[in-house]
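Written below as C-alpha coordinates is the structure these notes are about.
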Amino acid sequence: METVADKDETEDSAPTDKLKRSASDGDFSTPEAMKLPKYLNVPASYDQKQIFKPERGVRPLPELARKILLASAPAAPVTGGAETGRDKLVEILCHVDKMYVRIRKEVFKSRDAYKYLKLGTCPVNQENEHYYYLLYSFVTGCGFKKESHADYLSISNVLRFRQTTPVLREMPFEIPLQCRFPRFFHSYKVGFHPKLRGGTVFRALKPKRIFSLILVDASGNNVTGTKIYSLGQSMYFEASVLYHTASSRNKRLYINKCFMTPSSNPDSNPKYTVVDNHGCMIDSKVMLQSKFLIGSSKMVQRVTVGAVLFKDPTSMISSQEQYLHCEIFMGSPTPTRNSKACNYDPVTGSWKELYGYDTVCACCESTCSSPQQRASRKIISSHSWMVDLTSEDEHVKSEPKMKSRDAGMFNLDDPDTEK
(Lines give C-alpha, C1' and ligand atoms only; values in the text may rest on other atoms or scores of the structure.)
Protein backbone atom coordinates (compact mmCIF):
# COMPACT_ATOMS: atom_id res chain seq x y z
CA MET A 1 0.00 0.00 0.00
CA GLU A 2 1.30 3.41 -0.89
CA THR A 3 -0.03 6.86 -0.30
CA VAL A 4 0.79 10.32 -1.54
CA ALA A 5 -0.56 13.80 -1.05
CA ASP A 6 -3.60 13.72 -3.32
CA LYS A 7 -3.88 16.45 -5.87
CA ASP A 8 -6.68 18.85 -5.09
CA GLU A 9 -9.15 18.97 -7.97
CA THR A 10 -11.35 21.65 -6.39
CA GLU A 11 -12.07 24.15 -9.13
CA ASP A 12 -11.68 27.86 -8.77
CA SER A 13 -12.94 30.59 -11.04
CA ALA A 14 -10.09 32.21 -12.94
CA PRO A 15 -11.26 35.50 -14.50
CA THR A 16 -9.73 36.64 -17.74
CA ASP A 17 -9.28 40.18 -19.02
CA LYS A 18 -9.24 39.09 -22.66
CA LEU A 19 -12.06 40.78 -24.60
CA LYS A 20 -13.52 39.41 -27.82
CA ARG A 21 -15.33 41.48 -30.42
CA SER A 22 -18.65 40.02 -31.49
CA ALA A 23 -18.80 39.39 -35.25
CA SER A 24 -22.51 40.30 -35.40
CA ASP A 25 -23.06 43.47 -33.39
CA GLY A 26 -19.53 44.73 -32.78
CA ASP A 27 -20.01 44.77 -28.96
CA PHE A 28 -17.25 43.75 -26.58
CA SER A 29 -18.07 40.74 -24.43
CA THR A 30 -16.21 38.83 -21.71
CA PRO A 31 -15.93 35.10 -22.31
CA GLU A 32 -16.93 32.66 -19.64
CA ALA A 33 -14.22 32.21 -17.00
CA MET A 34 -12.16 29.06 -17.26
CA LYS A 35 -12.50 26.38 -14.64
CA LEU A 36 -9.08 25.56 -13.23
CA PRO A 37 -7.92 23.47 -10.28
CA LYS A 38 -6.44 25.21 -7.26
CA TYR A 39 -3.14 23.48 -7.90
CA LEU A 40 -1.54 20.52 -9.65
CA ASN A 41 1.52 18.58 -8.62
CA VAL A 42 3.64 18.13 -11.74
CA PRO A 43 6.78 16.21 -12.75
CA ALA A 44 10.20 17.79 -12.53
CA SER A 45 10.34 18.15 -16.33
CA TYR A 46 7.66 20.87 -16.09
CA ASP A 47 9.67 22.96 -13.65
CA GLN A 48 10.62 25.39 -16.43
CA LYS A 49 10.88 28.78 -14.74
CA GLN A 50 13.09 30.14 -17.49
CA ILE A 51 10.23 30.26 -20.02
CA PHE A 52 8.58 32.98 -17.90
CA LYS A 53 11.71 35.10 -17.64
CA PRO A 54 11.12 38.69 -18.86
CA GLU A 55 12.73 39.46 -22.22
CA ARG A 56 13.07 42.40 -24.58
CA GLY A 57 10.74 42.63 -27.53
CA VAL A 58 7.89 40.33 -28.44
CA ARG A 59 7.89 36.62 -29.18
CA PRO A 60 5.26 33.89 -29.40
CA LEU A 61 4.30 32.22 -26.14
CA PRO A 62 6.10 28.87 -25.91
CA GLU A 63 3.85 25.85 -26.20
CA LEU A 64 4.96 24.54 -22.82
CA ALA A 65 4.06 27.85 -21.18
CA ARG A 66 0.60 27.70 -22.79
CA LYS A 67 0.05 24.20 -21.44
CA ILE A 68 1.14 25.29 -17.98
CA LEU A 69 -1.13 28.35 -17.96
CA LEU A 70 -4.11 26.31 -19.17
CA ALA A 71 -3.47 23.57 -16.61
CA SER A 72 -2.99 21.02 -19.35
CA ALA A 73 0.41 19.94 -18.09
CA PRO A 74 0.49 16.27 -17.09
CA ALA A 75 0.12 15.67 -13.40
CA ALA A 76 2.78 13.72 -11.60
CA PRO A 77 1.86 10.04 -11.30
CA VAL A 78 0.43 8.97 -7.98
CA THR A 79 -0.22 5.57 -6.56
CA GLY A 80 -3.54 5.07 -4.87
CA GLY A 81 -4.40 2.89 -1.90
CA ALA A 82 -7.17 0.35 -1.55
CA GLU A 83 -10.08 0.52 -3.92
CA THR A 84 -13.06 2.64 -2.94
CA GLY A 85 -16.51 1.28 -2.20
CA ARG A 86 -15.36 -1.18 0.45
CA ASP A 87 -14.00 -0.93 3.97
CA LYS A 88 -10.25 -0.61 4.03
CA LEU A 89 -8.56 -3.12 6.31
CA VAL A 90 -5.32 -1.14 6.47
CA GLU A 91 -5.18 2.65 6.16
CA ILE A 92 -2.29 5.08 6.21
CA LEU A 93 -2.24 8.84 6.73
CA CYS A 94 0.91 10.81 5.90
CA HIS A 95 1.85 14.05 7.62
CA VAL A 96 4.92 16.11 6.92
CA ASP A 97 6.68 14.64 9.97
CA LYS A 98 4.86 11.44 10.90
CA MET A 99 3.00 8.38 9.64
CA TYR A 100 -0.36 7.23 11.00
CA VAL A 101 -1.32 3.59 10.35
CA ARG A 102 -4.43 1.78 11.49
CA ILE A 103 -5.57 -1.80 10.89
CA ARG A 104 -8.95 -3.28 11.67
CA LYS A 105 -9.06 -5.77 14.54
CA GLU A 106 -11.28 -8.06 12.49
CA VAL A 107 -8.19 -9.02 10.50
CA PHE A 108 -7.00 -11.07 13.48
CA LYS A 109 -8.51 -13.97 15.39
CA SER A 110 -6.35 -13.82 18.51
CA ARG A 111 -6.88 -11.23 21.23
CA ASP A 112 -3.18 -10.60 21.74
CA ALA A 113 -2.43 -9.95 18.06
CA TYR A 114 -1.23 -6.44 18.91
CA LYS A 115 1.82 -7.94 20.61
CA TYR A 116 3.16 -9.17 17.28
CA LEU A 117 2.12 -6.23 15.09
CA LYS A 118 4.85 -3.70 14.34
CA LEU A 119 5.51 -0.73 12.10
CA GLY A 120 9.11 -1.47 11.26
CA THR A 121 10.47 -2.04 14.75
CA CYS A 122 7.84 -0.04 16.68
CA PRO A 123 4.82 -1.68 18.35
CA VAL A 124 1.15 -0.72 18.50
CA ASN A 125 0.79 2.38 20.67
CA GLN A 126 -2.98 3.02 20.59
CA GLU A 127 -6.20 1.09 20.09
CA ASN A 128 -9.97 1.39 20.25
CA GLU A 129 -12.91 -0.95 19.74
CA HIS A 130 -12.29 -1.46 16.03
CA TYR A 131 -8.67 -0.55 15.25
CA TYR A 132 -5.06 -0.98 16.25
CA TYR A 133 -3.05 2.23 15.72
CA LEU A 134 0.64 2.78 15.05
CA LEU A 135 1.37 6.50 15.20
CA TYR A 136 5.05 7.41 14.86
CA SER A 137 7.25 10.32 13.86
CA PHE A 138 9.71 9.80 11.03
CA VAL A 139 12.60 10.47 13.43
CA THR A 140 11.65 7.92 16.11
CA GLY A 141 13.93 5.25 14.70
CA CYS A 142 11.24 2.75 13.70
CA GLY A 143 13.13 1.86 10.55
CA PHE A 144 11.72 4.49 8.19
CA LYS A 145 13.54 4.57 4.87
CA LYS A 146 13.89 7.87 3.03
CA GLU A 147 14.45 7.99 -0.74
CA SER A 148 14.84 11.05 -2.93
CA HIS A 149 13.42 11.00 -6.46
CA ALA A 150 13.22 13.65 -9.15
CA ASP A 151 9.47 14.18 -8.72
CA TYR A 152 8.94 13.34 -5.07
CA LEU A 153 10.44 12.39 -1.73
CA SER A 154 9.34 9.01 -0.42
CA ILE A 155 9.41 7.70 3.15
CA SER A 156 8.57 4.03 3.51
CA ASN A 157 8.27 1.31 6.12
CA VAL A 158 6.78 -2.16 6.49
CA LEU A 159 3.76 -3.21 8.57
CA ARG A 160 4.62 -6.67 9.90
CA PHE A 161 2.67 -9.32 11.75
CA ARG A 162 4.73 -12.28 12.90
CA GLN A 163 3.87 -14.37 15.97
CA THR A 164 6.70 -15.62 18.15
CA THR A 165 4.62 -18.24 19.98
CA PRO A 166 5.51 -21.95 19.80
CA VAL A 167 2.48 -22.58 17.60
CA LEU A 168 1.21 -20.58 14.64
CA ARG A 169 -2.33 -19.30 15.13
CA GLU A 170 -2.49 -16.88 12.20
CA MET A 171 -0.63 -16.38 8.96
CA PRO A 172 2.16 -13.81 9.14
CA PHE A 173 2.20 -10.94 6.68
CA GLU A 174 4.20 -7.94 5.57
CA ILE A 175 2.62 -4.87 3.95
CA PRO A 176 4.93 -2.21 2.47
CA LEU A 177 3.79 1.33 3.25
CA GLN A 178 4.98 4.49 1.54
CA CYS A 179 4.37 8.21 1.85
CA ARG A 180 5.14 10.30 -1.22
CA PHE A 181 5.65 14.03 -0.98
CA PRO A 182 5.55 15.75 -4.41
CA ARG A 183 8.27 18.31 -5.04
CA PHE A 184 6.67 20.59 -7.65
CA PHE A 185 3.27 22.28 -7.85
CA HIS A 186 1.56 24.67 -10.22
CA SER A 187 -0.85 26.91 -8.35
CA TYR A 188 -3.92 28.36 -10.11
CA LYS A 189 -5.66 29.96 -7.18
CA VAL A 190 -6.75 33.46 -8.21
CA GLY A 191 -5.86 35.28 -5.04
CA PHE A 192 -5.80 35.32 -1.31
CA HIS A 193 -7.95 37.43 0.96
CA PRO A 194 -6.11 38.03 4.23
CA LYS A 195 -8.08 38.09 7.44
CA LEU A 196 -6.79 40.65 9.92
CA ARG A 197 -7.02 39.53 13.49
CA GLY A 198 -6.84 42.10 16.25
CA GLY A 199 -4.88 41.73 19.43
CA THR A 200 -1.59 42.63 21.02
CA VAL A 201 1.67 41.01 20.04
CA PHE A 202 4.33 40.82 22.75
CA ARG A 203 7.96 40.54 21.79
CA ALA A 204 10.82 40.27 24.22
CA LEU A 205 13.32 43.07 23.78
CA LYS A 206 16.93 42.00 23.69
CA PRO A 207 18.71 44.15 26.27
CA LYS A 208 22.07 45.65 25.58
CA ARG A 209 25.02 44.21 27.41
CA ILE A 210 25.51 46.52 30.38
CA PHE A 211 28.25 44.63 32.24
CA SER A 212 31.86 43.83 31.41
CA LEU A 213 34.29 41.28 32.82
CA ILE A 214 37.93 41.92 31.98
CA LEU A 215 41.33 40.60 32.94
CA VAL A 216 43.46 43.16 34.82
CA ASP A 217 46.79 43.24 36.62
CA ALA A 218 47.34 43.72 40.35
CA SER A 219 47.09 47.50 39.91
CA GLY A 220 43.77 47.30 38.07
CA ASN A 221 45.16 48.04 34.60
CA ASN A 222 43.54 46.31 31.64
CA VAL A 223 45.54 43.34 30.33
CA THR A 224 45.78 43.30 26.53
CA GLY A 225 46.70 40.33 24.41
CA THR A 226 46.91 36.78 25.72
CA LYS A 227 48.22 36.68 29.28
CA ILE A 228 50.15 33.56 30.35
CA TYR A 229 50.04 32.50 34.01
CA SER A 230 51.90 29.79 35.84
CA LEU A 231 50.04 27.28 37.98
CA GLY A 232 48.91 28.86 41.27
CA GLN A 233 49.74 32.43 40.18
CA SER A 234 47.26 35.14 41.17
CA MET A 235 44.93 36.31 38.40
CA TYR A 236 42.90 39.53 38.71
CA PHE A 237 39.51 40.28 37.15
CA GLU A 238 37.30 43.34 37.21
CA ALA A 239 33.51 43.39 36.75
CA SER A 240 31.97 46.78 36.03
CA VAL A 241 28.97 48.56 34.51
CA LEU A 242 29.34 49.74 30.91
CA TYR A 243 26.40 52.15 30.83
CA HIS A 244 25.40 54.23 33.82
CA THR A 245 21.76 55.30 33.91
CA ALA A 246 19.57 57.17 36.34
CA SER A 247 18.34 53.84 37.71
CA SER A 248 21.91 52.73 38.49
CA ARG A 249 22.48 55.52 41.00
CA ASN A 250 22.83 54.40 44.60
CA LYS A 251 23.31 50.82 43.41
CA ARG A 252 26.02 48.25 43.98
CA LEU A 253 27.38 45.67 41.57
CA TYR A 254 27.26 42.05 42.75
CA ILE A 255 28.65 38.78 41.42
CA ASN A 256 26.22 35.95 42.02
CA LYS A 257 28.48 33.14 40.81
CA CYS A 258 31.67 32.59 38.79
CA PHE A 259 33.29 29.54 37.24
CA MET A 260 36.20 28.76 34.93
CA THR A 261 36.13 26.52 31.85
CA PRO A 262 38.67 25.55 29.18
CA SER A 263 36.06 26.54 26.58
CA SER A 264 34.47 29.86 25.63
CA ASN A 265 31.05 28.20 25.98
CA PRO A 266 29.78 28.72 29.56
CA ASP A 267 27.57 25.62 29.22
CA SER A 268 30.54 23.36 28.53
CA ASN A 269 32.23 20.93 30.87
CA PRO A 270 34.44 20.60 32.82
CA LYS A 271 34.08 23.72 34.93
CA TYR A 272 35.64 24.93 38.18
CA THR A 273 33.45 27.10 40.44
CA VAL A 274 35.07 29.90 42.42
CA VAL A 275 32.00 31.97 43.47
CA ASP A 276 28.63 30.44 44.29
CA ASN A 277 25.72 30.53 46.73
CA HIS A 278 24.77 34.14 45.92
CA GLY A 279 28.19 35.75 46.32
CA CYS A 280 30.26 33.39 48.48
CA MET A 281 33.90 33.08 47.36
CA ILE A 282 33.94 29.33 47.98
CA ASP A 283 37.41 29.00 46.44
CA SER A 284 38.80 31.15 49.27
CA LYS A 285 38.47 28.11 51.56
CA VAL A 286 40.92 26.28 49.27
CA MET A 287 43.18 28.96 47.72
CA LEU A 288 44.71 31.83 49.67
CA GLN A 289 44.76 33.99 46.52
CA SER A 290 41.00 33.71 45.91
CA LYS A 291 39.04 36.65 47.32
CA PHE A 292 36.84 39.64 46.51
CA LEU A 293 38.71 42.95 46.42
CA ILE A 294 37.34 46.47 46.89
CA GLY A 295 37.11 48.34 43.58
CA SER A 296 37.26 52.02 42.72
CA SER A 297 33.54 52.27 43.55
CA LYS A 298 30.69 50.00 44.52
CA MET A 299 29.83 49.71 40.83
CA VAL A 300 33.18 47.97 40.26
CA GLN A 301 33.92 44.57 41.77
CA ARG A 302 37.43 43.13 41.62
CA VAL A 303 38.23 39.44 42.06
CA THR A 304 41.47 37.52 42.37
CA VAL A 305 41.81 33.75 42.00
CA GLY A 306 44.71 31.34 41.70
CA ALA A 307 45.49 29.81 38.30
CA VAL A 308 44.45 26.17 37.96
CA LEU A 309 44.80 23.53 35.26
CA PHE A 310 42.01 21.17 34.19
CA LYS A 311 43.10 17.54 34.11
CA ASP A 312 43.00 15.59 30.86
CA PRO A 313 42.67 11.82 31.44
CA THR A 314 44.03 11.05 27.97
CA SER A 315 47.22 13.08 27.89
CA MET A 316 49.55 15.29 29.88
CA ILE A 317 48.78 18.97 29.38
CA SER A 318 51.54 21.58 29.51
CA SER A 319 49.39 24.61 28.63
CA GLN A 320 45.69 25.36 28.53
CA GLU A 321 43.40 28.18 27.41
CA GLN A 322 40.73 29.17 29.95
CA TYR A 323 37.81 31.55 30.44
CA LEU A 324 35.97 33.02 33.42
CA HIS A 325 32.16 33.23 33.32
CA CYS A 326 30.24 35.25 35.91
CA GLU A 327 26.62 36.06 36.66
CA ILE A 328 26.55 39.80 37.43
CA PHE A 329 23.73 42.06 38.55
CA MET A 330 23.02 45.37 40.30
CA GLY A 331 21.31 45.60 43.66
CA SER A 332 20.92 47.63 46.80
CA PRO A 333 24.12 49.18 48.24
CA THR A 334 23.37 47.31 51.47
CA PRO A 335 24.16 43.60 51.05
CA THR A 336 21.70 40.82 51.84
CA ARG A 337 21.85 37.02 52.00
CA ASN A 338 21.24 36.94 48.24
CA SER A 339 23.35 39.97 47.25
CA LYS A 340 26.77 39.99 48.84
CA ALA A 341 30.53 39.53 48.43
CA CYS A 342 31.86 37.20 51.12
CA ASN A 343 35.42 35.98 51.67
CA TYR A 344 36.50 33.17 53.99
CA ASP A 345 38.89 34.24 56.76
CA PRO A 346 41.10 31.26 57.66
CA VAL A 347 42.36 32.99 60.83
CA THR A 348 38.93 33.28 62.46
CA GLY A 349 37.37 30.43 60.49
CA SER A 350 34.43 32.63 59.51
CA TRP A 351 33.01 34.44 56.47
CA LYS A 352 33.33 38.21 56.15
CA GLU A 353 31.53 40.60 53.82
CA LEU A 354 33.64 42.94 51.74
CA TYR A 355 32.08 46.09 53.25
CA GLY A 356 31.58 44.83 56.81
CA TYR A 357 28.06 43.36 56.86
CA ASP A 358 29.35 39.97 58.02
CA THR A 359 25.99 38.62 59.23
CA VAL A 360 24.77 38.18 55.64
CA CYS A 361 27.61 35.68 55.09
CA ALA A 362 26.42 33.25 57.76
CA CYS A 363 24.64 31.14 55.13
CA CYS A 364 27.79 30.55 53.05
CA GLU A 365 28.34 27.27 54.90
CA SER A 366 24.82 26.10 53.99
CA THR A 367 22.45 27.41 51.31
CA CYS A 368 21.61 31.08 50.79
CA SER A 369 18.25 30.41 49.19
CA SER A 370 16.28 33.24 47.63
CA PRO A 371 12.75 33.84 49.01
CA GLN A 372 11.55 34.66 45.50
CA GLN A 373 12.45 33.22 42.12
CA ARG A 374 14.62 35.78 40.39
CA ALA A 375 14.57 36.38 36.66
CA SER A 376 17.37 34.59 34.85
CA ARG A 377 20.55 36.65 34.62
CA LYS A 378 22.90 36.63 31.69
CA ILE A 379 26.32 35.06 32.05
CA ILE A 380 29.18 37.44 31.19
CA SER A 381 32.42 35.87 29.93
CA SER A 382 35.95 37.23 30.04
CA HIS A 383 38.61 37.06 27.36
CA SER A 384 40.83 34.00 27.46
CA TRP A 385 44.16 33.55 29.17
CA MET A 386 46.72 30.74 29.20
CA VAL A 387 47.94 28.59 32.08
CA ASP A 388 51.35 27.17 31.20
CA LEU A 389 53.30 24.61 33.20
CA THR A 390 56.42 25.27 31.14
CA SER A 391 56.51 28.98 31.96
CA GLU A 392 58.47 28.18 35.11
CA ASP A 393 62.09 27.02 35.15
CA GLU A 394 62.80 23.37 35.64
CA HIS A 395 64.10 24.18 39.13
CA VAL A 396 61.64 26.55 40.73
CA LYS A 397 63.42 29.42 42.43
CA SER A 398 61.36 30.18 45.50
CA GLU A 399 61.78 30.16 49.22
CA PRO A 400 59.55 27.94 51.34
CA LYS A 401 56.99 29.87 53.33
CA MET A 402 55.27 28.72 56.47
CA LYS A 403 52.33 30.42 58.11
CA SER A 404 51.27 29.61 61.64
CA ARG A 405 48.82 31.06 64.10
CA ASP A 406 51.41 30.59 66.86
CA ALA A 407 54.87 31.41 65.64
CA GLY A 408 56.27 30.60 69.05
CA MET A 409 55.67 26.92 68.47
CA PHE A 410 58.54 26.78 65.96
CA ASN A 411 62.27 27.14 66.51
CA LEU A 412 64.00 28.29 63.36
CA ASP A 413 67.49 27.71 64.77
CA ASP A 414 69.50 24.76 63.54
CA PRO A 415 69.53 22.24 66.38
CA ASP A 416 73.04 21.16 65.41
CA THR A 417 74.36 24.62 66.25
CA GLU A 418 72.97 24.62 69.78
CA LYS A 419 75.50 24.55 72.53
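Of all residues in the range 117-154, exactly one satisfies the criterion of being of a type in the set (Val, Ile, Thr) and closer than 20 Å to LYS88 by Cβ, namely VAL124. Within the range 151-180, residues that are in the same structural domain as TYR114 (by TED's automatic domain parsing) have Cβ atoms under 8 Å from residues that are acidic (Asp, Glu) and assigned to a loop (DSSP other than H, G, I, E, B) in these pairs: PHE161/GLU170; GLN163/GLU170, counting only partners at least 6 apart in sequence or on another chain. Condition (residue is among the charged types (D, E, K, R), in contact with a helix residue (DSSP H, G or I) (Cβ under 6 Å, 6 or more places away or on another chain), modelled with pLDDT of 90 or more and in a loop (DSSP other than H, G, I, E, B)) applied to the range 328-338: is it met by at least one residue? Taking every residue of the range 328-338 in turn, at least one turns out to be among the charged types (D, E, K, R), in contact with a helix residue (DSSP H, G or I) (Cβ under 6 Å, 6 or more places away or on another chain), modelled with pLDDT of 90 or more and in a loop (DSSP other than H, G, I, E, B). Look at (1) at pLDDT below 95; (2) in a strand (DSSP E or B); (3) β-branched (Val, Ile, Thr) and you find that THR164 fails only one, number (2).
If the condition is being among the aromatic types (Phe, Trp, Tyr) and either within 19 Å of ILE380 (Cα to Cα) or not assigned by TED's automatic domain parsing to the domain that holds GLU238 (or both), then the range 269-326 contributes TYR272, PHE292, TYR323. The listed residues are ASP47, ASP17, ASP97, ASP25, and the only one of them that is modelled with pLDDT of 65 or more and over 18 Å from PHE185 (Cβ atoms) turns out to be ASP97.
When ARG111 is tested against (1) of a type in the set (Lys, Arg); (2) part of a loop (DSSP other than H, G, I, E, B); (3) buried (at least 16 other Cβ atoms within 10 Å of the Cβ), only condition (3) is not met. Listed by first and then second residue, the pairs linking a residue in the range 137-149 that is assigned by TED's automatic domain parsing to the domain that holds PHE181 and over 13 Å from LEU119 (Cα atoms) to a residue that is surrounded by 15 or more Cβ atoms within 10 Å (Cβ to Cβ) and modelled with pLDDT of 90 or more, with Cβ atoms under 6 Å apart and 6 or more places separating them unless they lie on different chains, are LYS146/ILE155; GLU147/SER154. Of everything in the range 237-279 that's in contact (Cβ under 8 Å) with a residue 60 or more places away in the chain, under 24 Å from the mean Cα position of the chain (by Cα) and assigned to a loop (DSSP other than H, G, I, E, B), which residue is surrounded by the fewest Cβ atoms within 10 Å (Cβ to Cβ)? Going through the qualifying residues, I end up with SER264.
Among the residues making up the range 128-157, those that are surrounded by 14 or more Cβ atoms within 10 Å (Cβ to Cβ) and outside any loop (DSSP other than H, G, I, E, B) are TYR131, TYR132, TYR133, LEU134, LEU135, TYR136, TYR152, SER154, ILE155, SER156, ASN157.
The values are calculated or read from the model by the stated rules, or taken from the named source; none is laboratory data. If you're wondering where the values come from, they're calculated on a predicted model, not measured in any experiment. Positions of Cβ are generated from backbone atoms using ideal geometry, with glycine treated the same way; all protein chains shown enter the neighbour counts.
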